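The structure under discussion appears below in the form of structure tokens.
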Amino acid sequence: MAANTLGTLFRVTNFGESHGPAIGAVIDGCPPGLALTEADIQVELDRRRPGTSRHVTQRQEADQVEILSGVYEGKTTGAPISLLIRNTDARSKDYGNILETFRPGHADYAYWKKYGIRDPRGGGRSSARLTAPTVAAGAIAKKWLAEYYQVRIRGYMSQLGPIVIPFQSWEEVTNNPFYAPNAEVIPELEAYMDALRKEGDSIGARIEVIAENVPAGLGEPIYARMDAEIAYAMMGLNAVKGVEIGAGFESVSQRGSEHGDAIRPDGFETNHAGGILGGITTGQNIEVSLAIKPTSSIRIKRPSVNLANEPIEVQTLGRHDPCVGIRATPIAESLLAIVVMDQLLRQRGQCGDNWLEG
């Protein structure tokens, strides 16, 4: 079956291809009365937009969003919200040399095995271009969460390849193209990416996403735990190969006396659980960490096969991100916002508004 929709009550359906006429999303379940304009969504799309620095793909897309339905006189009506983003700078000819071959590490091979056909233009449906509608939908979720529950969701890059980025301040995140929270590391990151781009290679990254002021009690055991739904959504993001909640894999070496977050009358002493216990939010910050793999479309020649299963060498030309993690922060924020909003609507639907008073 098709699986292009995320969410239960707040439902986001994603459509389009990288080199098709347009991409977009249909959002169903957004409560009526939320003040919403295209400008509210555009500010988030501009954070993800390609061509914003020399360290990302030079595809020049304005990513201008159009609201086609679900908003009247500047407010949501409760009807499905349709968002359209037109593709204006696709160069399909760049993919002429891989029409009958498969890029190692790319979804090309798996798509062909599943469907018996694939769209090689920019990766078609498997392209990271399809994260733009997710960010557009996430902008709506972010605004609703902030206005009605004062929830704030933000993220940053904590590692690029071998370079660990110590957290310095949130203010620095918006001052550089890496979403790095440390100004002192920027020259090293830029030098690393400049050298990598000249080599024609790619690299991975680590992204941290945090949701602040999330009410306690969100999450539905057993199969709709908050952490399970977050992991599900994040693994749906292109190039993500690992998701950690709270201490994550560090939990392996922690003892129970350390990992278990002690509780005092004024709150928790630590947050190794990442704001979730038993799949239900505790009222602490939700802390999520993502491992992003290196981009598979690189200029370095690598062994592969063609459609006839004959050995060949593949070299990918065109415009590609040498590190997709550089633009991943706003996408991860949007996915977390969509999950939190969906879970909050489900909680409100089951327990009413009086659960916040408990």
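Read-outs: derived from the displayed coordinates by stated rules, not from any lab. Values in this document were obtained by computation on a predicted structure and should not be read as measured data. Counting neighbours? That spans all protein chains shown, and the Cβs are built from the backbone with ideal geometry, glycine included.
Brief remarks on what is shown
- Computed [θ] at 222 nm, deg cm²/dmol, the chain (DSSP H ≥ 4; -39,500 (n - 2.57); rounded to nearest 500): -8000 deg cm²/dmol
- Gain in span if fully extended, Ala2 to Val305, counting 0.36 nm per residue against the direct Cα distance: 106.3 nm
- Estimated at 0.36 nm per residue, the fully extended path between Leu99 and Asn175 surpasses their Cα-Cα distance by 23.4 nm.
- The count of lysine pairs in segment 5-357 whose Cα atoms are under 28 Å apart, excluding pairs fewer than 8 places apart on the same chain, comes to 21.
- Degrees between helix 131-149 axis and first principal axis of the chain (Cα, 0 to 90, nearest 10): 10 degrees
- With neighbours defined as other Cβ atoms within 10 Å of a residue's Cβ, the residues Glu287, Glu269, Glu188 order from fewest to most as Glu269, Glu188, Glu287.
- Extension gain, Gln150 back to Thr88 (0.36 nm per residue minus Cα-Cα distance, nm): 18.7 nm
- Kirkwood Rh (inverse of mean 1/r, distinct Cα pairs), segment 5-357, angstrom: 21.4 Å
- Degrees, to the nearest 10: 186-199 long Cα axis against longest axis of the chain: 30 degrees
- Each peptide among 8-14, 68-74 gets the average number of other Cβ atoms lying within 10 Å of its residues, and from highest to lowest they stand as 8-14, 68-74.
- Of the peptides 145-151, 213-219, the ranking by mean beta-carbon count within 10 Å, highest at the top, reads 213-219, 145-151.
- Centroid-to-centroid separation of segment 134-210 and segment 270-342 [C-alpha atoms, Å]: 13 Å
- Crossing angle, helix 329-351 versus the chain [Cα axis fit, 0-90 degrees, rounded to tens]: 40 degrees
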